[in-house]
Amino acid sequence: MSSYQEFAHIYDELMNDIPYDAYVELLDLASAGISGKKVLDIGCGTGLLSAMLAKKGAQVTAIDLSADMLEVAAKRAKSLGLSIDFKDQPMQQLSVDGTYEVAVISIDSLNYVLDRQDVEETFRRVYNALERNGVLLFDVHSLFKMDEIFLEGPFVFDNQRITYIWQTEPGEEEHSIYSELAFFVSQEDGSYKRFDEIHTQRSFAVTDYVDMLDQAGFQIERIFADWEDEPPEEESERIFFQVRK
């Protein structure tokens, strides 16, 4: 995976269709009110969700493995007058002081952890970072999306300022994809600047996630799909897990 040096500066514009407010509502409901709670935002990216949670009164610690993403996130927090503690670390190496009441891994960030042992280690570390009765909410791509929808590419995006061509193929691991993206970003002089990204993601069956969560000590509260309070179906695309310590 790339370092996101260029990608970090256009990320928010590309994620306009992500209902971040729905994450806030889900976390608010799961924690009986997010205000005043210590929240761990894992794989925080440019910190948009972190900022929304902080605005709601949460005490947020946000981690990401990309220093470029964290730089954008820190600038956002500063511009909004928000106090958010940002840490540069992979989620499978999560190391934080104290314990938290809430943890979230949003926008399929967990799918970038390719090795099953690393996913298991992520769950163990999050479990240890949570207080008793603490809640973890995360989402992942379904196997249907990984094995079928993503392989229907290439995909093309153009919003007049940013254009990308996204080529996908099966990854080396089962239920994984290898993506090559070519971005073209318009400049003030009318030219376009090109940069390239390589991303690899992997998902696991719902039953595999349940087994890994169980091994870490979590209790499953609910599993639902596609932002609806309904169980996953064969063609669901995004699977959510709400679990508790």
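Nothing in this text is a laboratory measurement; each read-out follows from the coordinates by a stated rule. Since the structure is predicted, the reported quantities are computational estimates derived from the model, not experimental observations. Backbone-built Cβ (ideal geometry, glycine too); neighbour counts: all protein chains shown.
The table below gives the values:
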item: Beta bridges by DSSP in the chain, antiparallel share as percent, to the nearest 5; result: 70 percent
item: FRET efficiency for residue 99 and residue 167, using Cβ-Cβ distance with R0 set to 51 Å, rounded to 0.05; result: 0.75
item: Rough spin-label spacing in nm, given labels placed 7 Å along Cα→Cβ, for residue 160 and residue 16; result: 0.9 nm
item: Fully extended contour minus Cα-Cα distance, from residue 191 to residue 220, at 0.36 nm per residue; result: 5.3 nm
item: Added length on full extension, which subtracts the Cα-Cα distance from 0.36 nm per residue, residue 132 to residue 208; result: 25.0 nm
item: Under the Karplus curve 6.51 cos²θ - 1.76 cosθ + 1.60, θ = phi - 60°, whole-Hz ³J(HN,Hα) for region 210-227, x wherever Gly or Pro sits; result: 4, 4, 5, 5, 5, 4, 6, x, 6, 9, 6, 9, 6, 10, 9, 9, 6, 6
item: Cα pair count fraction exceeding 30 Å, expressed as % - the chain; result: 24 percent
item: Distance violations [Cα-Cα > 25 Å] among 55/193; 78/245; 55/145; 78/193; 37/245; 78/145; result: 55/193; 78/245; 55/145; 78/193; 78/145
item: For region 145-202, the Rg and Dmax computed from alpha carbons only, in angstrom; result: 13.4, 45
item: Max mean-square fluctuation residue, GNM over the chain, Cα-Cα springs under 10 Å, options 203, 66, 191; result: 191
item: Spin-label model distance (nm) - residue 116 vs residue 178, 7 Å beyond Cα toward Cβ; result: 2.2 nm
item: Binned Cα-Cα distances of region 184-245, short to long, each 5 Å bin given as a whole percent; result: 4, 13, 18, 14, 11, 8, 7, 8, 8, 6, 3, 0
item: Stretch gain in nm, segment residue 230-residue 83, where the contour uses 0.36 nm per residue and the Cα spacing is subtracted; result: 49.4 nm
item: Helical mean residue ellipticity (222 nm; -39500 (n - 2.57) per DSSP H run of 4+; nearest 500) of the chain; result: -7500 deg cm²/dmol
item: Percent RCO, i.e. relative contact order, over the chain, from Cα pairs under 8 Å lying at least 6 residues apart; result: 17 percent
